[in-house]
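What follows is one structure encoded as C-alpha cells, with my remarks underneath.
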Amino acid sequence: MAQWEPRIIVIACHWCTYQGADLAGSLRYSYPPTVHIVRVPCSGRVEPEFIAEALKKGADGVYVGG
Amino acid sequence: MKTIEINPMTRLEGHGKIKIFLDENGNVENAFMQVVEFMGYEKFLKGMPIEEVPRTVCTICGV
Amino acid sequence: MEEVKGYVGNFDIKIKKKAKYVDWDKCIGCGVCTEICPVKVPNEYNYGLNQRRAAYIEYPQAVPKKAVIDEPNCLYFKTFKKTGKPACQICEKGIPAKNIQGCPADAIKFDDRDEFVDIKVGAVIIATGFKPMSKTHFKEYSPQSPDVITSMEFERILSATGPTGGELKRPSDGTKPKTIAMISCVGSRDERYHSYCSKVCCMYMLKHARILKEKYPYINLYLFFIDVRTAGKDFEEFYVYTKGLGAKIIRGGRVSSVDEKPNGKLRVRGFDVDLGSPVELEADLVVLATAIEPPDGVDDIGRLFSATCGREGFLREVHTKLYPVETAARGVLIAGCVQGPKDIPESIAQSRAAASSAASLIIPGKIKFEAIVSEVDREKCSSCGVCVPLCPYSAIKIETYKDKEKAKIEPALCAGCGVCASACPSRAITFHGFTTEQVIEQISALVEA
Amino acid sequence: MSKPKLAYYLAGGCGGCDIAVVDLSETLVDVALAVDIVFWAPTVADAKYKDLEAMPDGSIDVGLISGNIRNSEHEHIAKVLRKKCKVLIAFGICAATGGIKGLVNLYTTEQLLDKAYINTMSTDNPDKVIPQTSFVLDGKYDLTLPTLMDARTLDQVVPVEYYIGGCPPHYDHVKAAFTALLSGQLPPPGSWITMGKALCEVCGRNPVLQGKPKKLATTVKRTIEGTPTEGACLLEEGYLCLGPITQGDCGVKCPNANIPCRGCGGPIPGVKDFGLRAISAVASMIEDEKLIDQIPDPVHNFYRYNLPGSTLGKKVKR
C-alpha cells in the first residue's frame, strides 16, 4: 500500500505565496499531488469559513500563505 | 402485564413520562416517573468566565 | 503636506507653506540680511561645519534665491515671546548708528503667517530623497572627533561654495590633511544597522579620491572597502583610473577602529586581504561613507497616501520588475532614494519613468480599474462599521443611504485585497471575482477530488 | 374557512421560548382566538405524543419547535411533526442553531454523564449508576429512556421552512412573527422571520449611526472589568460585543444594560456559521493581534448559541 499522504489545502496570496509556488514550478521543484492550491488576491481575503470548510470536507491540513 | 404510559407529562417544563404497571385485577402494581431529559451544564460550563455564568445557566429552566 | 483626500485622478491635497517672514515678492536675494543678522546658528546645509545667520538663504544655488527668517532662532521672535516687545529688527532697519542699512527692498515681514494651499492633482510622485546616516552610531570610529566626518560633510568641504570655500582643511584645526582614510559600508551591509548595500558609496569614494588626487597629488589616500562594487557603465574604468592616480585601495572587511591620538592624529586599524595581514595607519582626516537611510517622515507621507513602506523603511514599489515606480496606492508614484538607495543616473531614469507613468495615467482623462474590487450591498449593510478601519487603502467611507449611515466602497481606491469582504459580519460586501461561494466551491472541489 | 391549526413542541430546550409566547399577553388571546392550538407539549396543553401521532399527515398548518434535538425522543417527535405540519418553524436559537445546550457537543455523552452522576464532590453514587436506555427492574418492570445524542439543530434532522432567533425571542419579535404568519406575509422558505440586520443597526451605542467611524479596540476586557463609558460602543471599549454579527430583533436589551451581546439573536441571513463570522469580526476589530490571546474563553464566547449549527459542529472526540 502506498504511504499515506496528508491532503493539504494551500490558500495562497496572489502576490507572494502564489508567486512562490509559481517560481517553484518554473524551477521544476515538485511537491506532493495531495497539496492543492487555491489562489486568493490577498491573505486578507481568507475567511475562517474557508479553513473550517476545508477541514470539514476532509482536508488534513490547511496552509495559509501570505 | 398491562401498562399505562403517560408521555409526556404536561404543564411543566422538562420532559418526563410516567409508566404504570397494572396487575391482573387492574390495580396499580408499580408506577415509575422517569425524567427523559439530560442537559450536562455541570460539564460544559467548565472554563467559562464566572460573570458569564448567571446569564447562561438561566436556560436550565426558562419558565 | 497637511492632508490628502481623494484618489487617483482626484487628489485634493492641502499643503502648508510655512511663514517665511520675508516677502518673497519684494526680496531680491541680495543677501544683506544674511550678513547683518546678529544671530549665528549651525548651518544645516553644510552639516554644521560652519554657521549661518537667523536670516539666511538656504544655499547659494537655491531657487528661488530668496531669504527666510528662522523663527525659533530669531532674536525678534525670541524677545517678543518673552517680553511681548519687538526687539532687534536689524535685518529690517539696519544699525543706523554704525551706518549699516537694513533690507534695501523693504521685504522683512515679521507678521507673516503660515499659508495653506489647496491643490487638485491627478497623480502624485513622491521623491523625498534620502538621509545620510549619522556618524554618532559608530562608537568604534571615534565620532566625537571633529576630524572624523561623513562623506556628505566631506563633499561640502570639497565644494567651492562649502564651509571652507573649497579649500581642503581639517575641521579641527584648519590645517591641510596629509593622509586621509576613507571607510566604506559604515552602517550599510551591517546587520546591526542596515543589511542592504547603499549602492553609491564605492563610486563616490572613488570620485572623492579622484578629485583629491588630481588636485593634491601628494596627499596619501587610503580607501578601505569590504569589496569594491563598480557595477554600472564606465564605473570599472573609473575605478582603474583612480587607482592609477595613486589612491590606495585596501580590501578586507570592515575597519575595526579609529582612535584619537594625543598628537591630534587618528589611528585607523583594519585588515588587508591582499597582504593577508592587519594594517594600521595614522590619518589626519577620516571620512565615513555612512549608509543611505530613508528620509525622516517617509512613513507619515506613505500613510497620507496609503503607500506602504518596506522592511528597511523605504517606500515599496508594487513589483520590482513590472511596476518599479508604482506604489500600492494607485496614482501615487515613487522615484529616487525614497524607493531605495540609488545613484543619480538611476534616480533620473526612475523619475522620468514616474513622470511618464503619471502622465499616461492622467492624460487620457479616464482611468480603467480592475474589476476585482469589493462592493457593498447597502440594503444588507448593518452599519456596524467593522470594515471601515480595516481597509488598508481607506477606500471605505460611511455615507447616508436611506436615512441610515452605511458603508460605501470607492472602487477607484479599492485595491482588491478582499479584507472587507472577509470581515463583513452581515455578508453585505461582495468581492467580485473571489466571492465566498466561489472560493468555498474551489476548496470543496479540491478536497473532494 | 376553518381556523389555522397550530402545534408547538418543546424539544431540548428550557421552556423560555414557550414563555416568550405566553408573554404576548393580550395579543396571545387574539392569537389563541385566531388559531386552533392542536398540540402544545409538554408545557402548556395536555396533549400526548400518541394524540399527535394519530393526526392525519399535513393536517396542521404551522408547527413550532423550540429547543435543539438532543435525544431519540426529540428526533422522533420532530419527524412526526414534520409529517403533520405544512410549515415547520425553528423557534428560538436552540432549534435554529443549537443554543446554549448545544455546548454539550464539546464533550461526549459519557463525559457529561460521568460529571453529572458520578464525578462530583456532592454525588453519592457508589455503584456508579447512570441512566440507561432500557432497564428491567425486578425482572418484570420494563423501562425505557430515549437515547442521548450529540445536540443537533432542527434543520439537521428535518427540513425547516423558517427560523426565529433569540434566547428567548423577544415578545415584540414573537408578535411580529405571529402577525406575519397569520397574515400569510411570509418570506421565501428557508428564511429567518427577522429584521435581517445586525444589532448595530439599531444600537444607540453604535458610533457609525452618528456618522463617526468605529475605532479599533485597544484592549480586551471581561464584562466585570471597569464600567463601559456611557453611550460608547462596547466593542470599541474592548468588551467583545457580538452585536455586529447578531440579528437585532431583541431591542438591544443587553448592550443597553452595559452587557456585551453574545449572539442569541442568531446569524444575519447569508451567514452560515455564526461562530466563525464572530471570530472574523472580532479579530477585525482588535488593533493588535497579541490581544487575541487575551480573549477569555473563546469557545463559550463565540459559540455560545451556535455550536451544533456551526461548520465543525462539535469537538472531535477520541
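Which of the following residues is assigned to a loop (DSSP other than H, G, I, E, B) and among the acidic types (D, E): C:E214, C:E167, C:E153? Give the derivation first.
Working: C:E214 fails: assigned to a loop (DSSP other than H, G, I, E, B); C:E153 fails: assigned to a loop (DSSP other than H, G, I, E, B).
Going through C:E214, C:E167, C:E153 in turn, the sole match is C:E167.
For C:F314, which of the numbered conditions (1) in contact with a Ser or Thr (Cβ under 7 Å, 6 or more places away or on another chain); (2) outside the structural domain of C:M182 (by TED's automatic domain parsing); (3) open to solvent by less than 50 Å² (accessible area, probe 1.4 Å) fails to hold?
It fails just one condition, (1).
If we only count strands (runs of 3 or more DSSP E) wholly inside the stretch C:33-132, which ones have 1 or more residues that are closer than 30 Å to C:A353 by Cα and open to solvent by less than 70 Å² (accessible area, probe 1.4 Å)?
Strands (runs of 3 or more DSSP E) meeting the threshold: C:115-121, C:124-126.
So which residues in the stretch C:1-32 are open to solvent by less than 30 Å² (accessible area, probe 1.4 Å), among the hydrophobic types (A, V, I, L, M, F, W, C), under 24 Å from C:G102 (Cβ atoms) and assigned to a loop (DSSP other than H, G, I, E, B)?
Passing the criteria: C:A19, C:C27.
State which residue pairs qualify: first residue within 7 Å of chain C (Cβ to nearest Cβ) and more than 27 Å from A:W4 (Cα to Cα) and inside the stretch A:43-61, second residue among the aromatic types (F, W, Y) and surrounded by 19 or more Cβ atoms within 10 Å (Cβ to Cβ) in any location, beta carbons under 7 Å apart, and separation of 6 or more residues or different chains.
Correct list of pairs: A:R45/C:F431; A:R45/C:F434.
Going by what's in this entry, would B:T56 be described as under 24 Å from D:M121 (Cβ atoms) and open to solvent by less than 70 Å² (accessible area, probe 1.4 Å)?
Considered against the rule, which asks whether it is under 24 Å from D:M121 (Cβ atoms) and open to solvent by less than 70 Å² (accessible area, probe 1.4 Å), B:T56 comes out as yes.
Of all residues in the stretch C:212-236, count the ones that are open to solvent by 70 Å² or more (accessible area, probe 1.4 Å) and within 26 Å of C:G166 (Cα to Cα).
Within the stretch C:212-236, residues that are open to solvent by 70 Å² or more (accessible area, probe 1.4 Å) and within 26 Å of C:G166 (Cα to Cα) number 4.
Could you look through the stretch B:1-40, keep only residues that are open to solvent by 40 Å² or more (accessible area, probe 1.4 Å), within 12 Å of D:D142 (Cα to Cα) and facing chain D (nearest Cβ under 7 Å), and pick out the one that is modelled with the highest pLDDT?
Only one residue fits best here, namely B:N30.
The conditions are (1) open to solvent by 40 Å² or more (accessible area, probe 1.4 Å); (2) within 14 Å of another protein chain (Cβ to nearest Cβ); (3) of a type in the set (V, I, T), and C:I348 fails exactly one of them. Which is it?
(2)
Within the stretch C:170-211, track down each residue that is open to solvent by 20 Å² or more (accessible area, probe 1.4 Å) and part of a helix (DSSP H, G or I).
If the condition is that a residue be open to solvent by 20 Å² or more (accessible area, probe 1.4 Å) and part of a helix (DSSP H, G or I), then C:M203, C:Y204, C:K207, C:R210, C:I211 are the ones that fit.
Just checking, which of C:A328, C:A353 is surrounded by 14 or more Cβ atoms within 10 Å (Cβ to Cβ), at pLDDT below 90 and closer than 25 Å to C:G416 by Cβ?
C:A328
D:I69 versus (1) touching a strand residue (DSSP E or B) at 6+ places or on another chain (Cβ under 8 Å); (2) more than 19 Å from D:Y171 (Cα to Cα); (3) open to solvent by 20 Å² or more (accessible area, probe 1.4 Å): which is the lone unmet condition?
Among (1) touching a strand residue (DSSP E or B) at 6+ places or on another chain (Cβ under 8 Å); (2) more than 19 Å from D:Y171 (Cα to Cα); (3) open to solvent by 20 Å² or more (accessible area, probe 1.4 Å), the lone unmet condition for D:I69 is (3).
Within the stretch D:153-175, work out how many residues are open to solvent by 60 Å² or more (accessible area, probe 1.4 Å) and either small (G, A, S) or in contact with a Lys or Arg (Cβ under 8 Å, 6 or more places away or on another chain) (or both).
Residues in the stretch D:153-175 being open to solvent by 60 Å² or more (accessible area, probe 1.4 Å) and either small (G, A, S) or in contact with a Lys or Arg (Cβ under 8 Å, 6 or more places away or on another chain) (or both): 1 in total.
Taking only pairs six or more apart or across chains, which ones have beta-carbon atoms under 8 Å, a first residue in the stretch C:369-388 that is more than 10 Å from every other protein chain (Cβ to nearest Cβ), and a second residue that is open to solvent by 80 Å² or more (accessible area, probe 1.4 Å)?
C:R378/C:K402
Do you know which of the residues in the stretch A:22-42 that are more than 9 Å from every other protein chain (Cβ to nearest Cβ), in a loop (DSSP other than H, G, I, E, B) and open to solvent by less than 80 Å² (accessible area, probe 1.4 Å) is nearest to C:T430 (Cα to Cα)? So that I can check it myself, show each step before the final result.
Initial filter on the stretch A:22-42 (more than 9 Å from every other protein chain (Cβ to nearest Cβ)): A:22-35.
Then keep just the ones that are in a loop (DSSP other than H, G, I, E, B); that gives A:27-34.
Of the ones still in play, those that are also open to solvent by less than 80 Å² (accessible area, probe 1.4 Å) are A:32, A:34.
Numbers: A:P32: 34, A:T34: 30 Å.
Selected residue: A:T34.
Tell me which residues, restricted to the stretch C:246-287, are open to solvent by less than 20 Å² (accessible area, probe 1.4 Å), touching a Phe, Trp or Tyr at 6+ places or on another chain (Cβ under 7 Å) and over 23 Å from C:Q144 (Cα atoms).
Within the stretch C:246-287, C:I250, C:G252 qualify.
From the list D:D61, D:D46, D:D114, exactly one residue is more than 10 Å from every other protein chain (Cβ to nearest Cβ), without any contact (Cβ under 8 Å) to a residue 60 or more places away in the chain and either in a loop (DSSP other than H, G, I, E, B) or acidic (D, E) (or both). Which is it?
After applying the criteria, what remains is D:D61.
Identify, from the list C:C387, C:C420, the residue that is surrounded by 23 or more Cβ atoms within 10 Å (Cβ to Cβ), touching a Gly at 6+ places or on another chain (Cβ under 9 Å), closer than 18 Å to D:K214 by Cα and at pLDDT 90 or above.
Selected residue: C:C420, the only one of C:C387, C:C420 that is surrounded by 23 or more Cβ atoms within 10 Å (Cβ to Cβ), touching a Gly at 6+ places or on another chain (Cβ under 9 Å), closer than 18 Å to D:K214 by Cα and at pLDDT 90 or above.
So that you can scan it fast, the table gives a plain yes or no per residue for (1) within 12 Å of chain C (Cβ to nearest Cβ); (2) surrounded by 14 or more Cβ atoms within 10 Å (Cβ to Cβ); (3) in a loop (DSSP other than H, G, I, E, B):
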residue: D:M195; (1), (2), (3): yes, yes, yes
residue: D:E201; (1), (2), (3): yes, yes, no
residue: D:R205; (1), (2), (3): yes, yes, yes
residue: D:V208; (1), (2), (3): yes, yes, no
residue: D:K212; (1), (2), (3): yes, yes, yes
residue: D:K215; (1), (2), (3): yes, yes, yes
residue: D:K221; (1), (2), (3): no, yes, yes
residue: D:P228; (1), (2), (3): no, yes, yes
residue: D:G231; (1), (2), (3): no, no, yes
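Taking the condition of being open to solvent by less than 10 Å² (accessible area, probe 1.4 Å), within 14 Å of another protein chain (Cβ to nearest Cβ) and not in a helix (DSSP H, G or I), how many residues in the stretch D:15-39 meet it?
Residues meeting the conditions: 2.
Restricting to the stretch D:163-221, count the residues that are among the basic types (K, R), out of contact with any Gly (no Cβ under 7 Å at 6 or more places or on another chain) and within 19 Å of D:G243 (Cβ to Cβ).
The number of residues fulfilling the criteria is 2.
Which members of the stretch D:270-318 meet the condition of being over 15 Å from D:K101 (Cα atoms), more than 8 Å from every other protein chain (Cβ to nearest Cβ) and assigned to a loop (DSSP other than H, G, I, E, B)?
Answer for the stretch D:270-318, where residues must be over 15 Å from D:K101 (Cα atoms), more than 8 Å from every other protein chain (Cβ to nearest Cβ) and assigned to a loop (DSSP other than H, G, I, E, B): D:E287, D:D288, D:I295, D:V316, D:K317, D:R318.
Within the stretch C:394-407, how many residues turn out to be open to solvent by 50 Å² or more (accessible area, probe 1.4 Å) and under 28 Å from A:R39 (Cβ atoms)?
1
Hey, any hits in the stretch B:41-51 for a residue that's within 18 Å of the chain's Cα centre (by Cα) and open to solvent by 60 Å² or more (accessible area, probe 1.4 Å)?
Step one: filter the stretch B:41-51 for residues within 18 Å of the chain's Cα centre (by Cα), giving B:41-42.
Now drop any that are not open to solvent by 60 Å² or more (accessible area, probe 1.4 Å), which leaves B:42.
So far as the stretch B:41-51 goes, yes, one or more of its residues are within 18 Å of the chain's Cα centre (by Cα) and open to solvent by 60 Å² or more (accessible area, probe 1.4 Å).
The values are calculated or read from the model by the stated rules, or taken from the named source; none is laboratory data. Values in this document were obtained by computation on a predicted structure and should not be read as measured data. Because the Cβ atoms are built from the backbone with ideal geometry, glycine has one as well, and the counts that use them run over all protein chains shown. Surface areas here come from the heavy atoms of the whole protein model, side chains and all, with no ligands, DNA or RNA. Shrake-Rupley method; radii C 1.70, N 1.55, O 1.52, S 1.80 Å.
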